[in-house]
Structure formats: C-alpha cells, structure tokens
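Participant: Here it is: the structure, laid out below.
The values are calculated or read from the model by the stated rules, or taken from the named source; none is laboratory data. Here the structure is a predicted model, which is why all the values come from computation and not from measurement. Glycine also receives a Cβ, built like all others from the backbone with ideal geometry; neighbour counts cover every protein chain displayed. Accessible surface is based on the protein model in full, side chains and every heavy atom, while ligands, DNA and RNA are left aside. Shrake-Rupley method; radii C 1.70, N 1.55, O 1.52, S 1.80 Å.
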Amino acid sequence: MNNTMTAVVYDEPGTFEIREIPVPTPGPGEVLVKVLAAGVCGTDLHLHAGEFGPTYPLIPGHEIAGEIAALGPDVTEPAVGTRVIVDNTASCGRCEECRRARPAFCTALVAQGVNAPGGFAEYVVASANRCFVADDLDPEVAVLAEPTACVVHGLDVLNLQPGSHVLLFGAGPTGLLLTELLRSSGAGSLTVAAPTQSKLDLASARGADNVVQIDRNDMSTTLDTLRAIRPQGFDVVIDATGSVGVLAETVDLTRTGGTVFVYGMAAEAAKWPISPYEIFRRELTVKGSFAQQFSFDRAISALRSGRVSADGLITHRFPLHRYADALDAVRDSNCVKAMIVPGL
Ligand SMILES: [Zn+2]
Ligand SMILES: [Zn+2]
C-alpha cells in the first residue's frame, strides 16, 4: 500500500480539489477501508453549495462500500479483505436524543462525508462496529445500502396501513427504492408521478400500479389525471422531490384521515402554504422522515433478498478525478444513480 492516496477535498464551499494526501491510520476501534464504490446523491450537491453543515477540510461521500485494508490496534474483525458497507454516522449515546433512541438527531452526531472524512477517496477510516459484512454483495448493490436504510427508516416513520392507496411524487433513486419497499409493505395500490418517462418505466418494473408523467408546464392536466385515479383522494401522498410546487398539491390529493409524507429534501429556506382548515376538517396528518436510524441491517437484508433490486439504478460510474462530472450527472434528469469508483 502506498503512503498517499487520491481524495476529493473541499477547503470551502463551491470548489474542490483532487488531492494526494496521506492514507489515514486507523486508531483503537477503527479499521481502514479501501473504497470500492461510493454513491453520489443530492446531498452532495447541497454540500457542494456549503449547505447541510459541512466541516472543512471535507472529503465528501457518505454512501460507502469497500474492503477492509487494515485493522486498528485492538481490532480483530472484520478480517482484512472482508467486503463491508460502512454506516457513515456515529452518535454519542449520551445526549437526550440518543437516550430517546433518536440517534440521527444526536447533538454530537458525526456523519462521515458531511462533518468527517468520507468515501470519495481511495481509503477511509471507519469504526469497526459500524462496518456491515457484505462479502456476498456486488459493490454496485452494496453501495445502495445507505439510501435504502433511509427509505427503511422512512417506512418506520410512515407506519403504512396495509391496503392503503399511495401516491408517490418522484422517481429518482429514492423514489424507486420507496416504490419497491412500499409495494412489499402492503400498499393496496401505488401510483408514481414524475417528469422523466424512463424513470417511470423503472417504477413500473418495480411494481407501481399506475405511473403518471408530470408535465411541469401544465400541472393542472397532471392533477386531473391523478384525481381520476382516486377521486376520493389517496390515503398517503409522499413527496420525494423536495419541490415546493409538488408539496403545494399534496394536501388536496390526500383523502380524509390520510397522511402527507415529506420525504424529499427541500431547500432550507423554502416555505409551503398549508390550509389549517383542511388539516382540521379532514383530520390529516403531516409527517417527515430524515436520514436513517437502526435501519442499515434491514436495508442490507432487503438488498440481499432482492426485495430491493439494484437493477438499472446505477447509471453512471466515475473515477475520483472526474468528481465534477459525477456532480453534473446528479443534476441531469436522465441519471438515476451515479457512483465514484476509485479503482476505475
Ligand atoms: Zn445520499
Ligand atoms: Zn447523542
């Protein structure tokens, strides 16, 4: 192993360098992971813009699949050479949120790729007990564990009643993972609405009963189509787009007693007008879901069993020195999921 490695490094928002830096040394309780693949997602665009609380210098990359390359002083497993998926978050265990089993809200949360070194590098140090053994999973499957863990947590929060009629806005990687897991979680019917036909085709292949192409220039036609599918409204309406224009329509499309579920990440400053009268008169519930909690293990199970299929999700692969192209791919509506492959 060389003493230096290539990494994507930000010293400030908006600009990064592909830099040669020392390979980090694992300390007690830690392992050195050779990165095989690291997923790029919308969060990385927010980090590029300096949003989401980055700490500098920052090596981004929070969706990490790799191979154990070295063990810290007191660590005996996973053995060197084991393929692993890294849970990028570590909570303190002592704050009020941790003690209420809400580690994603830990006041001292360490999130690799956000406020600690992440996976857009040849190597990354991780805590041994946050590595999940995944020798049986292809890196292109393993790399989906983190976004899948977020979706599994979302389903924990949603607490879907079997038989519910669900409308999902968004068919990006998250929307497609949601499609598959909603279907296997007992949705009575699932309608997916999104602007890109190729992604709607993927949603159909993953079990959506109806797909509706959103015409951004003529939202009223789209809404008429959705109302025709469920004239009395949907039991659950999920936004996985973060778009205020979409959120603005969710309450009207929700059935009496139903739930609006905010899953997409909107801009921090965005606001969305809601009618309190409608919430009151029709006994609606508004819920949100952020990140993952105690859900990595179940996400990996779903990938292992094929309940969540990786087919068609990874559309773009880039070496580290093409990180700018990877960010452009995430901005492109034809890209489903991009990943960095340091060995490419
Ligand atoms: Zn992500
Ligand atoms: Zn804590």
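Participant: Using Cα springs under 10 Å in a Gaussian network model of the chain, which residue among 95, 131, 150 shows the largest mean-square fluctuation?
Facilitator: Result: 95 has the largest fluctuation of those listed.
Participant: Using the crude model of +1 on Lys and Arg Cβ and -1 on Asp and Glu Cβ, and no other charge, please compute the dipole size for region 27-158 relative to its Cα centre, in debye to 20. All intermediate terms of the calculation are to be shown ahead of the outcome.
Facilitator: Details: 7 positive and 17 negative charges, 93 e Å.
Value, rounded to 20: 440 debye.
Participant: With θ taken as phi - 60° and the coefficients 6.51, -1.76 and 1.60, list the Karplus ³J(HN,Hα) couplings across region 272-283 in order, rounded to whole Hz; mark glycine and proline as x.
Facilitator: Using θ = phi - 60°, the values come out as 9, x, 10, 7, x, 4, 5, 4, 5, 5, 10, 6 Hz.
Participant: Suppose R0 equals 30 Å; then what is the FRET efficiency for residue 315 and residue 267 from their Cβ-Cβ distance, rounded to the nearest 0.05?
Facilitator: Efficiency, rounded to the nearest 0.05: 0.75.
Participant: Please identify, among 49, 149, 326, the residue showing maximal mean-square fluctuation in a Gaussian network model of the chain using a 10 angstrom Cα cutoff.
Facilitator: Maximum among the listed residues: 49.
Participant: If you take the Cα atoms of region 232-302, find Rg, then find the Kirkwood Rh from the mean of 1/r over all pairs, what is Rg/Rh?
Facilitator: Rounded to two decimals, Rg over Rh is 1.05.
Participant: Compute the distance in nm between two label points, each set 7 Å from the Cα along the Cα-to-Cβ direction, one at residue 213 and one at residue 344.
Facilitator: So the label points at residue 213 and residue 344 sit 2.9 nm apart.
Participant: Give me, ordered by chain and number, the residues 5 or more places off residue 40 or on other chains with an amide H under 5 Å from its own placed amide H.
Facilitator: Here the answer is 338, 339, 340, since their amide H atoms fall under 5 Å of that of residue 40.
Participant: Where is the GNM fluctuation largest for the chain (alpha-carbon springs, 10 angstrom cutoff): 267, 329, 142?
Facilitator: Most flexible of the set in this elastic network: 267.
Participant: So, one more: With an 8 Å Cα cut-off and a minimum separation of 6 or more residues, compute the relative contact order for region 150-288 in percent.
Facilitator: Relative contact order of region 150-288: 21 percent.
Participant: Kindly identify region 150-288 as rounded, prolate or oblate by the Cα gyration tensor criterion: order the square roots of the eigenvalues as a ≥ b ≥ c, call it rounded if a/c is under 1.5, otherwise compare a/b with b/c, prolate if a/b is larger, else oblate.
Facilitator: In terms of gyration-tensor shape, rounded.
Participant: Three principal axis extents, largest first, for the C-alpha atoms of region 145-228, in Å?
Facilitator: Largest first, region 145-228 extends 34, 26, 21 Å along its Cα principal axes.
Participant: Right, here's the next one. For residue 100 and residue 333, what does the FRET efficiency come to when R0 = 56 Å and r is the distance between their Cβ atoms, rounded to the nearest 0.05? Each step should come with its number before you reach the end.
Facilitator: Working: r = 39 Å, r/R0 = 0.70.
Between residue 100 and residue 333 the formula returns 0.90.
Participant: Sticking with this structure for a sec: Quick check: pseudo-label points 7 Å beyond the Cα along Cα→Cβ at residue 55 and residue 279, how many nm apart are they?
Facilitator: If labels sit at residue 55 and residue 279, their model points lie 3.5 nm apart.
Participant: How big is the shadow of the Cα convex hull of the chain, averaged over all directions, in nm²?
Facilitator: Computing the convex hull of the Cα atoms and averaging its projections yields 17.3 nm².
Participant: Here's a follow-up. At 0.36 nm per residue, minus the direct Cα-Cα distance, what do residue 92 and residue 286 gain on full extension? Give it in nm, one decimal, please.
Facilitator: Working: separation 194, 0.36 × 194 = 69.84 nm, distance 2.93 nm.
66.9 nm is the gain from fully extending residue 92 to residue 286.
Participant: Continuing with this model, one more query. When only C-alpha pairs under 8 Å and at least 6 residues apart count, what is the relative contact order of the chain, in percent?
Facilitator: 18 percent.
Participant: Between residue 80 and residue 225, how many nm apart are label points set 7 Å from Cα along the C-beta direction?
Facilitator: For residue 80 paired with residue 225, the spin-label model returns 5.7 nm.
Participant: In region 59-195, carbon and sulfur make up what percent of the accessible area (probe 1.4 Å)?
Facilitator: 47
Participant: What accessible area per residue, rounded to a whole number of Å², is obtained for region 150-288 using a probe radius of 1.4 Å?
Facilitator: About 44 Å² of surface per residue is accessible.
Participant: Which percent of the accessible heavy-atom area of region 234-344 goes to carbon and sulfur, probe 1.4 angstrom?
Facilitator: 51
Participant: Mind listing the phi-derived Karplus ³J(HN,Hα) values for region 311-316, rounded to whole Hz, using 6.51, -1.76 and 1.60 with θ = phi - 60°, and x for any glycine or proline?
Facilitator: Working through the residues one at a time gives 4, x, 7, 7, 9, 9 Hz.
Participant: Give, as a single signed number, the net charge of other residues whose beta carbon lies under 14 Å from the beta carbon of residue 91, with Lys and Arg counted +1 and Asp and Glu -1.
Facilitator: After counting each charged neighbour, the total is +2.
Participant: Can you give the calculated 222 nm mean residue ellipticity of the chain, where each DSSP H run of n ≥ 4 adds -39,500 (n - 2.57) and the sum is split over every residue, rounded to the nearest 500 deg cm²/dmol?
Facilitator: Details: 11 runs with 96 residues, N = 344.
So the calculated ellipticity at 222 nm is -8000 deg cm²/dmol.
Participant: Report, in whole Å, the centroid distance computed from the Cα atoms of region 69-141 and region 324-341.
Facilitator: First find each Cα centre; the distance between them is then 24 Å.
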